[in-house]
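Undergrad: Structure below; questions to follow.
The values are calculated or read from the model by the stated rules, or taken from the named source; none is laboratory data. As the structure is a computational prediction, the values presented were derived from the model and not from experiment. Heads up, the Cβs are rebuilt from the backbone with ideal geometry, glycines too, and the neighbour counts pull from every protein chain shown.
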């Protein structure tokens, strides 16, 4: 915790860092809360992308451990789990950030009242564009779901996906 606080001060002073993600283990709620209290002005503490159920998010939020709660629908129970995390964020007045998978989280974020943004990894986006028709593309830094497409707006590119199928051993 001491090292994370020193780094937070250094990062803020030298690089104007305003987002410090998982500065200590996300299981160290007391450490996250202390960092949040002592972090430089304007630096937000974010954690939670590895959470896998609503109780995890509830504990983190109740402890005052984060300025921004992270969640990932691919880990926390799909759409239902992500929306449970969103409801908890609303109840605790804490913003929500989605971990990767922009094609999945773009639509879900529209239904989350305190949704802030989606973590963007080029590798994930490249794979989504390759495997799904309808994967959203940013325009002027924003993602917008295609309202003309049902559900998440995605259609699997079956022929492309088939190239990666694993054949069962005989």
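Undergrad: Which of the numbered conditions does residue 26 fail, given that it passes all the others? Conditions: (1) outside any helix (DSSP H, G or I); (2) within 30 Å of residue 157 (Cβ to Cβ).
TA: That leaves (2) as the condition not met.
Undergrad: Going through the stretch 151-168 one residue at a time, which ones are more than 23 Å from the chain's Cα centre (by Cα), surrounded by 10 or more Cβ atoms within 10 Å (Cβ to Cβ) and assigned to a loop (DSSP other than H, G, I, E, B)?
TA: Matches in the stretch 151-168: 157 only.
Undergrad: Residues being out of contact with any strand residue (DSSP E or B) (no Cβ under 6 Å at 6 or more places or on another chain) and over 14 Å from residue 74 (Cβ atoms): count how many of those fall in the stretch 108-130.
TA: Residues in the stretch 108-130 being out of contact with any strand residue (DSSP E or B) (no Cβ under 6 Å at 6 or more places or on another chain) and over 14 Å from residue 74 (Cβ atoms): 10 in total.
Undergrad: For the condition surrounded by fewer than 19 Cβ atoms within 10 Å (Cβ to Cβ) and either closer than 24 Å to residue 118 by Cβ or modelled with pLDDT under 95 (or both), what is the one hit in 13, 8, 46, 73? Talk me through it step by step, then tell me what you get.
TA: Details: 8 fails: surrounded by fewer than 19 Cβ atoms within 10 Å (Cβ to Cβ); 46 fails: surrounded by fewer than 19 Cβ atoms within 10 Å (Cβ to Cβ); 73 fails: surrounded by fewer than 19 Cβ atoms within 10 Å (Cβ to Cβ).
The conditions single out 13.
Undergrad: So which residues in the stretch 85-105 are over 22 Å from residue 129 (Cβ atoms) and either modelled with pLDDT under 95 or assigned to a loop (DSSP other than H, G, I, E, B) (or both)?
TA: The answer is 93, 94.
Undergrad: Right, here's the next one. So residue 132 clears everything in (1) modelled with pLDDT of 95 or more; (2) within 25 Å of residue 63 (Cα to Cα) except one condition, right? Which one?
TA: The failed condition is (2).
Undergrad: From the list 51, 42, 64, pick out the single residue that is touching a strand residue (DSSP E or B) at 6+ places or on another chain (Cβ under 7 Å) and in a loop (DSSP other than H, G, I, E, B).
TA: 51
Undergrad: Can you tell me which condition residue 84 does not meet? The list is (1) within 19 Å of residue 46 (Cβ to Cβ); (2) over 11 Å from the mean Cα position of the chain (by Cα); (3) surrounded by fewer than 18 Cβ atoms within 10 Å (Cβ to Cβ), and all the others hold.
TA: (3)
Undergrad: Which of the residues spanning the stretch 60-74 are within 14 Å of residue 91 (Cβ to Cβ) and out of contact with any helix residue (DSSP H, G or I) (no Cβ under 7 Å at 6 or more places or on another chain)?
TA: 62
Undergrad: Another question, if that's okay. Restricting to the stretch 108-126, count the residues that are touching a residue at least 12 places away in the same chain (Cβ under 8 Å), assigned to a helix (DSSP H, G or I) and surrounded by fewer than 20 Cβ atoms within 10 Å (Cβ to Cβ).
TA: Counting residues in the stretch 108-126 that are touching a residue at least 12 places away in the same chain (Cβ under 8 Å), assigned to a helix (DSSP H, G or I) and surrounded by fewer than 20 Cβ atoms within 10 Å (Cβ to Cβ) gives 3.
Undergrad: If you don't mind, another one. Would you mention how many residues in the stretch 15-55 are without any contact (Cβ under 8 Å) to a residue 12 or more places away in the chain and within 19 Å of residue 88 (Cα to Cα)?
TA: Final tally of qualifying residues: 2.
Undergrad: Taking the options 82, 57, name whichever one is in contact with a strand residue (DSSP E or B) (Cβ under 9 Å, 6 or more places away or on another chain), part of a helix (DSSP H, G or I) and over 27 Å from residue 155 (Cα atoms). Before the answer, list the steps.
TA: Numbers: 82 fails: over 27 Å from residue 155 (Cα atoms).
The conditions single out 57.
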